Structures are given as structure tokens and as C-alpha cells.
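Any read-out appearing in this document is the output of simple, stated calculations on the displayed coordinates, not a laboratory observation. Source: prediction; values computed, not measured. Positions of Cβ are generated from backbone atoms using ideal geometry, with glycine treated the same way; all protein chains shown enter the neighbour counts.
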């Protein structure tokens, strides 16, 4: 079995951008593409951004015990990590890096405590987080409030992670994450 790097954060904190930086700078890492039940957005590619399974397809994979971890984030909105995805990365001799929500990250950490480095990306403030989500232009007022309510609960869980990186300067946050990972994987 290989190692896991888990990067988690509230939506809009910058975890995906940091993971993209790490993948670009560290050849030893390989991204674990998550599975989800939601519909594909216009600019997304199946198998690259997510494995888009639909609700029924996702539930079928649950019954087949095909997931390393999964959760129902909102009603009928499932996200998870396929075991086959992780095994394929390890077969290539790489370290798996995850860009997952807080519950998913903690689930992986709990299952593999000695093989996992978990990093929480902390937004500078809830106000900054709200601005970042609004700039995306993909949130309705209702979904924005739902995400901010969830973010407050997720921030409380940050202390359960191995490391917390405050993302108020993107370049510094990226360098800090890279250093932590290099030290961990040796």
C-alpha cells in the first residue's frame, strides 16, 4: 500500500488551486479523481474532473463496496473515492493526492492514520470565503448560504487534521504545502 495526501477545506478556500500547483510541481504525486452523483457542468470532463455516476450509479457502486470512502454531502448529492482509482495510482509507484471535502478527508485519515498526511486549507475569514464563492458566479443566494453554513462547521474540524495552512497568500500557501508533503513522502 502507498501513501495518501489529503487536502481538505471549505468550498472556496483554495484547495483545488493548491492541489493543481502541487501536481504541476511534484511528479511523485497523482490526483485521485473523485466520483460524484451530480450532473457534469459545462466545462467539466468525465474521468478528469470527476467520475460522473448519477445517483443510481453511485448507489450501485456503494452496494458493490467499490468505494474507499463516500458520503452524502447534501440530499442525493454523493461524493466518494473509488478503490480502483487509488490502486491504479499506486501501481504506477505514485503517492495519491486527494482534493476532498472535510468529512471525506477525515474519513480517509481515520481509515489509514499511519499512511496519510491530512492538510486543512483555512480561509482567511468567512467574509473572504463568501467573496471568493460570489466571484465564481455559480452560486445562488440559497446555495451560497448553504456553503457558508457548512464552512463554519468544517472550520471547527480543522484541528482534527495533521496540519493547517492559512491561505491568505496563495504563493506562500503552495510552498508550505509542498514542503510538508516533501518531508512526509521523503
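Sort the following peptides by mean Cβ neighbour count (other Cβ atoms within 10 Å, averaged over residues), highest first: 75-87, 158-170.
In decreasing order of mean packing, 75-87, 158-170 become 75-87, 158-170.
Equivalent-ellipsoid semi-axes (√(5λ), Cα gyration tensor) for the chain, whole Å, largest first?
For the chain, the semi-axes come out at 23, 22, 15 Å.
How much mean residue ellipticity at 222 nm does the chain get from its helices, if each DSSP H run of length 4 or more adds -39500 (n - 2.57) and you divide by all residues, to the nearest 500 deg cm²/dmol?
Here the helix-only value at 222 nm equals -14000 deg cm²/dmol.
Quickly work out the residue 136-to-residue 92 label distance, labels modelled 7 Å from Cα along the C-beta direction, and quote it in nm with one decimal.
Between residue 92 and residue 136, the label points sit 2.6 nm apart.
Report, in whole Å, the centroid distance computed from the Cα atoms of the stretch 1-33 and the stretch 117-145.
The stretch 1-33 and the stretch 117-145 have Cα centres separated by 18 Å.
Describe numerically, in nm with one decimal, the distance between label points set 7 Å from Cα along Cα→Cβ at residue 56 and at residue 159.
4.6
By average Cβ neighbour count within 10 Å, what is the ranking of 174-182, 23-31 from highest down?
174-182, 23-31
Would you mind calculating the gained length between residue 182 and residue 1 on full extension (0.36 nm times residue separation, minus the Cα-Cα distance), in nm to one decimal?
Contour length minus Cα-Cα distance gives 63.3 nm.
Taking the DSSP beta bridges in the stretch 4-185 as the whole, what percent of them are antiparallel, to the nearest 5?
Antiparallel bridges make up about 30 percent of those DSSP assigns within the stretch 4-185.
What is the gain in length, in nm to one decimal, between residue 71 and residue 112 on full extension, counting 0.36 nm per residue of separation less the C-alpha to C-alpha distance?
My answer for the length gained is 13.0 nm.
Could you work out how much longer the chain between residue 16 and residue 172 gets when fully extended? Use 0.36 nm per residue separation minus the Cα distance between them, nm to one decimal.
The span from residue 16 to residue 172 would gain 54.6 nm if fully extended.
Just report the Cα centroid separation between the stretch 164-185 and the stretch 61-81, whole Å.
29
Going highest first, how would you order 47-53, 62-68 by mean Cβ packing within 10 Å?
Peptide ranking by packing, descending: 47-53, 62-68.
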